[in-house]
Amino acid sequence: MWTRREVLQSSTVALAGLALSPRLEAAGTSQAVVPAAAPAPTAKSGPFVLPPLPYAYEALEPAIDAETMRLHHDKHHATYVSKLNEAVTAAPELAGRSVEELLRDLSRLPEAVRTAVRNHGGGHANHSLFWTSMTATPSGPPKNRLAGAIQTHLGSFDSLREQIARAAAGVFGSGWAWLALDAGKQLVVEALPNQDSPLSAGQTPLLGLDVWEHAYYLKYQNRRADYVQAFLNIVDWAAVGRRYEDAVGPA
Ligand SMILES: [Fe+2]
């Protein structure tokens, strides 16, 4: 497990590039954007860029503390972006492809770059979804078609929360718990290791819960279950519902 010192000493990194792919931008919430104090870009650049937080570092307190948010976003996520840029810069044939395209096509990428895209591309896509899955002003349980799909596929909203909590508790080491839509348009709850993305399994990620220790250790130490419950109370279900609508298409 990480100590506080290890978390604080975690990698520093470069930021830069152009823009997050439109798909991830579309995953953003409709809430007011409070500019975060983004770290200054460095000389390292590439096609991918660290998206700003859609709220202030302290906006999610007490569920997630400002220091964790600052380190998680400005250092950890930034590192994934930087490493992904390094990887694609070394593979010019990948130029112009979004991170989602790369992750969906992971098995067909050149072997020399596949692991880097899996880890750092996954890290970039997963965290981009994560920031826009939480809100300081939760609007309540899922509504509309997502609510119906949860009822049909997962039993109930309470059952969904329990399944997510169970998946998160079951992650051995580092990984994520996911709510995703599979190729048959069924909702699934699952755990994936490291920075693996549901996209690489032909699924559409709707909600990701980061259970790497860097996501919660400063505040919760070994109490992962408490962090998971705190997360579940600040999920932006309206944003998750919009992702679901985009994924399933018109009724
Ligand atoms: Fe993380």
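Picking from ALA177, ALA125, which residue would you name as being in a strand (DSSP E or B), under 30 Å from GLU61 (Cβ atoms) and within 16 Å of the ligand (Cβ to nearest atom)? Outline the logic, then answer.
Details: ALA125 fails: in a strand (DSSP E or B).
After ruling out the rest, the residue left standing is ALA177.
Taking the stretch 120-149 only, how many residues are surrounded by 17 or more Cβ atoms within 10 Å (Cβ to Cβ) and of a type in the set (S, T, N, Q)?
5
Inside the stretch 81-100, can you point out the residues that are within 15 Å of the ligand (Cβ to nearest atom) and crowded, with 24+ Cβ neighbours inside 10 Å?
Initially, the stretch 81-100 is screened for residues within 15 Å of the ligand (Cβ to nearest atom), giving 81-84.
Selection gives VAL81, SER82, LEU84.
Which of the following residues is modelled with pLDDT of 95 or more, within 16 Å of the ligand (Cβ to nearest atom) and out of contact with any helix residue (DSSP H, G or I) (no Cβ under 9 Å at 6 or more places or on another chain): ALA78, ALA136?
Numbers: ALA136 fails: within 16 Å of the ligand (Cβ to nearest atom).
Answer to the selection: ALA78.
Take ALA239 and decide whether it is within 21 Å of ASN119 (Cβ to Cβ), buried (at least 22 other Cβ atoms within 10 Å of the Cβ), of a type in the set (A, V, I, L, M) and in contact (Cβ under 8 Å) with a residue 60 or more places away in the chain. Write out each step before concluding.
On the way: within 21 Å of ASN119 (Cβ to Cβ): no; buried (at least 22 other Cβ atoms within 10 Å of the Cβ): yes; of a type in the set (A, V, I, L, M): yes; in contact (Cβ under 8 Å) with a residue 60 or more places away in the chain: yes.
Criteria not met by ALA239.
Is the stretch 207-218 home to any residue that is touching a residue at least 24 places away in the same chain (Cβ under 8 Å), farther than 24 Å from SER107 by Cα and more than 15 Å from the chain's Cα centre (by Cα)?
Checked against the condition, which is being touching a residue at least 24 places away in the same chain (Cβ under 8 Å), farther than 24 Å from SER107 by Cα and more than 15 Å from the chain's Cα centre (by Cα), the stretch 207-218 yields at least one hit.
I'm checking my understanding of the structure. Among residues of the stretch 103-119 that are within 16 Å of the chain's Cα centre (by Cα) and crowded, with 18+ Cβ neighbours inside 10 Å, which one is farthest from the ligand (Cβ to nearest atom)?
As a first pass, look at the stretch 103-119 and keep what is within 16 Å of the chain's Cα centre (by Cα): 103-104, 117-119.
Then drop every residue that is not crowded, with 18+ Cβ neighbours inside 10 Å, which leaves 103-104, 117-118.
Values: LEU103: 16, ARG104: 21, VAL117: 17, ARG118: 15 Å.
If we take residues in the stretch 103-119 being within 16 Å of the chain's Cα centre (by Cα) and crowded, with 18+ Cβ neighbours inside 10 Å, then ARG104 is farthest from the ligand (Cβ to nearest atom).
Return the only residue of GLN203, GLN195 being within 14 Å of the ligand (Cβ to nearest atom) and either buried (at least 17 other Cβ atoms within 10 Å of the Cβ) or at pLDDT below 95 (or both). Quick ask: steps written out before the conclusion?
On the way: GLN203 fails: within 14 Å of the ligand (Cβ to nearest atom).
After applying the criteria, what remains is GLN195.
Determine which single condition LEU192 fails, assuming it passes every other condition in (1) in contact (Cβ under 8 Å) with a residue 60 or more places away in the chain; (2) closer than 22 Å to TYR80 by Cβ; (3) outside any helix (DSSP H, G or I).
LEU192 satisfies all of (1) in contact (Cβ under 8 Å) with a residue 60 or more places away in the chain; (2) closer than 22 Å to TYR80 by Cβ; (3) outside any helix (DSSP H, G or I) except (1).
VAL171 - would you say it is within 16 Å of the ligand (Cβ to nearest atom), of a type in the set (Val, Ile, Thr) and crowded, with 22+ Cβ neighbours inside 10 Å? Before the answer, list the steps.
Values: within 16 Å of the ligand (Cβ to nearest atom): yes; of a type in the set (Val, Ile, Thr): yes; crowded, with 22+ Cβ neighbours inside 10 Å: no.
Taking the combined requirement at face value, the residue does not satisfy it.
The values are calculated or read from the model by the stated rules, or taken from the named source; none is laboratory data. Since we're looking at a predicted model, the values are computed, not measured. Quick reminder, even Gly has a Cβ in these numbers, built from the backbone with ideal geometry, and neighbours come from all protein chains shown.
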